[in-house]
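What follows is a short report on a single structure.
The values are calculated or read from the model by the stated rules, or taken from the named source; none is laboratory data. Being a predicted model, the structure only gives us computed values, none of them experimental. Cβ placement follows ideal geometry from the backbone for every residue including glycine, while neighbour counts extend to all protein chains displayed.
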Amino acid sequence: MIFKNSIRLVALLGTGLATTPAFAVNGHYVPGIEGLSAAAAPPAGLYYRAYLMRYDIDSFNDKNGDAAPGSNSGSVNALAHRLIWITDKQFLGADYGMETIIPMLDTELDLETSAGRRSFDDDGIGDIFIGPVILGWHGEQWDATFAAGHWFDTADFDRHNRASVGKGYGTTMLTLGGAWHFDAERRWNFSALSRYEIKTEQDATGITPGDSWLVEWGFGHRLDSGLELGLVGYDAWQLEADDGAAIGAKAERHAIGAEAGYLWPQAGVMLKGAVYHEYDAEAGGLKGLESEGDAIRLQLTKFF
């Protein structure tokens, strides 16, 4: 009985409303943090979620998607701590909640530059996210989510360090997504979760990064054992050129991958793992180059 009652909880625990900055298109949100069932808010309760992500950079691409000359590589290791509180209150027929995220980052880059080969590195606590609005609607075979929050410019930013953990600007992020379950038992599902990012001016440079939009999607199936397997991916686009930047190009990236997840209902713990391969990335104006690589993500959720 406990396992059967937990099936709906597993589907709802996928909500991905914000996460740690590391290799976003030109804002704070990192695509690939959420995957299967990402567009459903969880039931009322308090949740702790930890994201552990490793991103290995194979190349840095220009605005045409071509790799920059020379041997360029790097890595990003991120651990983000997230608290989600879904209250017993409702607004517009939706469950109401809020969240906060504190990311920890370690970035290393090895690049060919006009001045020769250079290495960049930085580690520490990244910009902090506060999300005062989570709205979750739930039907018999569907779920929908809206959320709003802001990444605050709290981390140290060094304009001369390409590995800087801080962005040097704030980002307002709006989230909208939905999930459809093809059967009454919710064993087959498709979900899509979109984020729209609006940035403030980067004080150190006077540049305002252009708005960006991304979509994370997943197609999954839950086995009789409770193991969920599926195909996942993300597509991200910079919609506007950076205001004040010399380069008017717009960044974008695309990836596909696979995910597996399992819930231990008696312990109140869910563990997910995913791998992503980026097959296309193009640079925007603020950075001049856009990384392309592979990512491994582990996600631990503890609910109370």
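Points worth noting:
- Meets criteria (surrounded by fewer than 20 Cβ atoms within 10 Å (Cβ to Cβ) and of a type in the set (Lys, Arg)) for residue 222: no
- Among the residues listed as 230, 226, 261, 218, the single one being over 30 Å from residue 162 (Cα atoms), touching a residue at least 12 places away in the same chain (Cβ under 8 Å) and in contact with a Lys or Arg (Cβ under 6 Å, 6 or more places away or on another chain): 261
- Flag for residue 140 being within 30 Å of residue 185 (Cα to Cα) and surrounded by fewer than 15 Cβ atoms within 10 Å (Cβ to Cβ): yes
- Of all residues in the stretch 167-193, exactly one satisfies the criterion of being surrounded by 15 or more Cβ atoms within 10 Å (Cβ to Cβ) and modelled with pLDDT under 90, namely 186.
- Of all residues in the stretch 205-219, those satisfying the criterion of being among the hydroxyl-bearing types (Ser, Thr, Tyr) and either surrounded by 17 or more Cβ atoms within 10 Å (Cβ to Cβ) or on the phi > 0 side of the Ramachandran plot (or both) are 208, 212.
- Hits in the stretch 145-159 - residues which are surrounded by 18 or more Cβ atoms within 10 Å (Cβ to Cβ) and of a type in the set (A, V, I, L, M): 147, 155
- In the set 50, 80, 67, 41, only one residue is among the aliphatic types (A, V, I, L, M) and in contact with a helix residue (DSSP H, G or I) (Cβ under 9 Å, 6 or more places away or on another chain); that residue is 41.
- When 128, 86 are screened for being crowded, with 21+ Cβ neighbours inside 10 Å, hydrophobic (A, V, I, L, M, F, W, C) and modelled with pLDDT of 95 or more, only 86 passes.
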